[in-house]
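The values are calculated or read from the model by the stated rules, or taken from the named source; none is laboratory data. Worth saying up front: this structure is predicted, and the values here are computed from it rather than measured. Glycine also receives a Cβ, built like all others from the backbone with ideal geometry; neighbour counts cover every protein chain displayed.
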Amino acid sequence: MHPAFELIPGAMAARIKVYHSEQDKVLRSMGKLLLLKVLTIFFQQPRSILSDIRYDVNNKPFLPNSGLDFSIAHSGQLIVCAITREGKIGVDTEQITNHVPDVLEDNFSEAEIFEIAQHKNPAAGFYQAWTRKEAVMKATGMGVLLPMSSINQLTDSVRIDDDTYYYKNLKISTDYASSVSTNFQCGATELLRVYPESLLSI
């Protein structure tokens, strides 16, 4: 068993252990430790804060009465975590492959497909567009209940119900496309790079 499982609450570890992929289990548990590190260092939360996490009707995790919203994503060997006090937030990351997956027609408009095709690296363009849409879906809390095709990521923002959600590309690694979405205009983004060894010594 990976040591990360020993460092997160038992109920949280039980939720993660239902996933079939061992790598997925490890990345999800490490993602929770990354969340813990940021919460304790930057938001002065207690080390026991992970035990307070609850899940809404759409299975989006949240911290009751904290005034904080957070989002975690992982792909390949990369884990990203975004936290804010300002409103709703969603983050997504995808490892860039050398081809564009066959999912364009169901999830992208003709204008978006054209934009991807014109990109100097269509695969990179696809994954950047994909993460922008996924970040919005996570920020709203609707997840897959919000059709990806309804999100036009070519604009600076998108209106969902009574909220406006903004996009921002994150430059973390040339091998990954990453995006964050918020329901407020996000200014400067503080990026913290953390290595796995430091998470296991929290």
Q. Modelled with pLDDT of 95 or more, on the phi < 0 side of the Ramachandran plot, of a type outside the set (D, E, K, R) and touching a Gly at 6+ places or on another chain (Cβ under 6 Å), is that true of Ser181?
A. yes
With the first residue restricted to segment 128-154 and required to be on the phi < 0 side of the Ramachandran plot and at pLDDT 95 or above, and the second required to be of a type in the set (Val, Ile, Thr) and part of a helix (DSSP H, G or I), Cβ contacts under 8 Å at 6 or more apart or on different chains are Ala129/Ile116; Met137/Val144; Leu146/Val136; Leu146/Thr140; Ile151/Val136; Gln153/Val136
Among residues of segment 143-175 being in a strand (DSSP E or B) and in contact with a helix residue (DSSP H, G or I) (Cβ under 8 Å, 6 or more places away or on another chain), the residue farthest from Thr93 (Cα to Cα) is Asp163
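Given the options Val91, Val100, Val80, name the one that is in a loop (DSSP other than H, G, I, E, B), buried (at least 17 other Cβ atoms within 10 Å of the Cβ) and either in contact (Cβ under 8 Å) with a residue 24 or more places away in the chain or aromatic (Phe, Trp, Tyr) (or both).
Values: Val91 fails: in a loop (DSSP other than H, G, I, E, B); Val80 fails: in a loop (DSSP other than H, G, I, E, B).
Testing whether each residue is in a loop (DSSP other than H, G, I, E, B), buried (at least 17 other Cβ atoms within 10 Å of the Cβ) and either in contact (Cβ under 8 Å) with a residue 24 or more places away in the chain or aromatic (Phe, Trp, Tyr) (or both) leaves just Val100.
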Residue pairs within 9 Å by beta carbon, gap of at least six or interchain, first lying in segment 31-44 and assigned to a loop (DSSP other than H, G, I, E, B), second surrounded by fewer than 21 Cβ atoms within 10 Å (Cβ to Cβ), listed first then second, are Phe43/Ile49; Phe43/Ser66; Phe43/Leu68; Phe43/Ile83; Phe43/Arg85
Scanning segment 5-38 residue by residue, the ones that are closer than 19 Å to Asp69 by Cα and within 16 Å of the chain's Cα centre (by Cα) total 10
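Scan segment 103-121 for residues that are under 22 Å from the mean Cα position of the chain (by Cα) and surrounded by 14 or more Cβ atoms within 10 Å (Cβ to Cβ) and jot them down. Outline the logic, then answer.
Step one: list which residues in segment 103-121 are under 22 Å from the mean Cα position of the chain (by Cα), which gives 103-104, 106-108, 112, 116.
Matches in segment 103-121: Leu104, Asn107, Phe108, Glu112, Ile116.
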